[in-house]
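Have a look at the structure below, then the notes.
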Amino acid sequence: MAQDIDVIAHNIANTNTTGFKSFRSNFEDLLYEEKQQPGVENAAGDQRPAGLFVGLGTRISNTQINLSQGPAVPDDGDFSMMINGSGFFQVIAGEKTLYTRAGNFFVNSEGEIVLGHGDGRRLEPSVTVPPDATDIAISVDGRITGRVGSDPAFQEFGQVEVANFTNANGLRPLGGNLYEETEASGPAITGEPDQGSFGSIRHKMLEGSNADPVNELISLIKTQRHFEMNSQSINAANEALQVIARLGDG
């Protein structure tokens with residue numbers, strides 16, 4: 001229960017985080033103490049129709065990423081974009097490729113498009129924009145264009161690619177709005193936006209967090225009440241055992 005509260009608190013803390021995907025705790029019951037086995041015959045030759053099992057509680061088996069689409073939030077950044085549908089942006093971290101739904105991009109001192117938070121991870125494939133570029137436009141299929149200097153014609157600077165996964169819930173969250181590929185997620189399947197199963201690009205929009213603060217607060221209250229009931233059950237069992245122990249001493 002305490003871990004579930006931590007998960008919910010993390011979701012609430014990130015209700016304003018760009019591209020954040022909320023998490024849900026999945027529970028499983030623990031081992032059972034078998035007092036009586038079902039199907040055992042008694043002295044009269046009758047079979048016991050059901051056994052007697054005492055459960056030992058529950059635990060979190062895993063946390064599942066909620067991959068539903070977050071709300072579209074208008075943004076004035078020339079390189080701000082969001083994926084409308086499935087897919088992740090790709091950024092470079094050293095020799096690794098990491099993945100994100102955050103689209104708050106801008107250019108660094110070398111004109112490369114980079115992620116606008118943390119260490120400024122470079123967009124993959126790399127796109128370099130001339131310093132005198134104006135009228136930046138990003139199409140639904142990820143083509144980045146603009147005018148350079150006094151030339152009235154639009155030039156193409158590069159192409160955004162997105163990545164999908166067979167099991168996106170298997171990605172490892174690293175913080176900083178970044179995810180890492182794992183064996184559970186399977187290898188990245190890359191392609192151009194707005195093609196096949198890949199989502200399209202919306203320019204000058206950002207994907208907001210999909211954590212709903214109202215639902216998260218309701219979940220927090222319910223979890224706290226469950227935690228209190230469990231604590232009261234444990235206290236009641238301890239008191240009963242103390243009474244039995246005192247009776248035995250008498």
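Each reported figure results from applying straightforward, stated rules to the coordinates on display, with no laboratory input. Predicted model only: the values in this text are computed from it and were never measured. Backbone-built Cβ (ideal geometry, glycine too); neighbour counts: all protein chains shown.
Observations
- Between residue 128 and residue 155, the modelled label-to-label distance comes to 1.2 nm, taking each label 7 Å out from Cα in the direction of the beta carbon.
- Counted charge near residue 142, where neighbours are those whose Cβ lies closer than 13 Å (Asp, Glu -1; Lys, Arg +1): -4
- Under-5 Å amide H pairs with residue 124, H placed in peptide plane, nonlocal only: 90, 91, 92
- Difference of contour (0.36 nm per residue) and Cα-Cα distance, residue 172 to residue 222: 15.2 nm
- For residue 75, the residues whose modelled amide H falls within less than 5 Å of its own, excluding neighbours fewer than 5 places apart on the same chain, are 205, 206.
- The long axis of helix 2-13 is offset from the longest Cα principal axis of the chain by roughly 30 degrees.
- Entry note, the chain: the mean residue ellipticity at 222 nm calculated from DSSP H runs of n ≥ 4, each adding -39500 (n - 2.57), is -7000 deg cm²/dmol after division by the residues and rounding to the nearest 500.
- The angle separating the long axis of helix 213-249 from the principal Cα axis of greatest extent in the chain is about 20 degrees.
- Length-normalised contact order for the range 26-174 - Cα pairs under 8 Å, 6+ apart - percent: 15
- Distance (nanometres) between label positions extended 7 Å along Cα→Cβ at residue 195 and residue 96: 2.8
- Positive contributions from Lys and Arg (+1) and negative ones from Asp and Glu (-1), summed over other residues with Cβ under 13 Å from the Cβ of residue 77, come out at -1.
- Radius, Kirkwood style, for the chain when every pair of distinct Cα atoms is counted (Å): 22.0
- Listed residues 44, 137, 184, most fluctuating in the chain (Gaussian network, C-alpha, under 10 Å): 44
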